[in-house]
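Notes follow once the structure below has been shown.
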Amino acid sequence: MSSPAARAEARRKAILSRGGDRLAKLTTSARGEDAPAYLHGGTPVRGAAAGLGTFVGEETTMPPPPPPPKETPRPSPPPFPFASGAQPDPSVWSEEQQRQFMQALMGGPLNPSAFPPLQPQLSGSQGAGSPQEDPFAAMMAQLTQTDPSRASQAGKTPVGSVPPQPATRLQKLMSLLHVVCMWCLLAFFVLWKEPQIFTEKTAGAVEIPFWKRWPMLAIQGGDGGGWSVQVVPFFWAFMTLQVMLHSLRIFSGHNQVQSPALLALALPHLPPPIPSLITNGLRYFQMGGVFLDDLAAVVFGIGMVVLVASWSAG
């Protein structure tokens, strides 16, 4: 049986070991998620086990505690999406996607260099500040260069964009040529054909200059009897000259029409008969406008003849 001093020493060691156990629990709860690295569950404290064996009078041989497990490294957090400029932005279209979009919009294959990128790529060269061309302005310029009349041939869509050919000298002077031809035709009938018919009708018995008969046209109209301006076959000569001038426009390539931008977008997607009908209708409208312009030039010329004849007759 042990002495009272030995038992007192055993009690003191047991109290100290219980204090150390409480301190270990407090330290483990303060560490949080790292507690398993420092907590050895099921392994009694070495000093406490020795003191307990001495206190109860039994010696227990305990194996040494296993070494603590190594701390596993924490997984690195995912990188910030915008931390590096080399990461691709999913919202930015690639050049291939832009070409496919423009091809679907125009209804046909396009030249890759026909349009600039719709959005600038996010790269290190973005800070250079180089001016980018307006994509909408480039698209409208491309539409104005597309000839919709090519799409009406067999219902095919226009292949690419054809740059507009420079206008020839004849095409530039075509409007002036129309006006000059109309006035020359009018001068032929006023100065030569109408006096000839007047002389044949009066058999040369009446000598009235033509500048005195034309003011009567403004006052009396066509009811001046045989002494006024005579009826001449002007209409058929006018129509013959119109056919000649329009044939010249067609053979010189001056009859190409330029449809509006929205209509040019819709033409390739219409059924085959409709694009040709629309294109030919626009050409006929253009011919009708030219016909009215020529008729207006003739009416203006007749008015000037009447005005000058009135001034000459006093």
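Each reported figure results from applying straightforward, stated rules to the coordinates on display, with no laboratory input. Nothing here was measured: the structure is a model prediction, and the numbers come from that model. All Cβ positions, glycine included, derive from the backbone under ideal geometry; neighbour counts span all protein chains shown.
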Using Cβ counts within 10 Å as a stand-in for footprinting exposure, how do Trp192, Trp211 rank, fewest first? Trp192, Trp211
From the phi angles alone, apply the Karplus equation (6.51, -1.76, 1.60; θ = phi - 60°) to the stretch 263-268 and give each ³J(HN,Hα) in whole Hz, x where the residue is Gly or Pro. 5, 5, 6, 7, 4, x
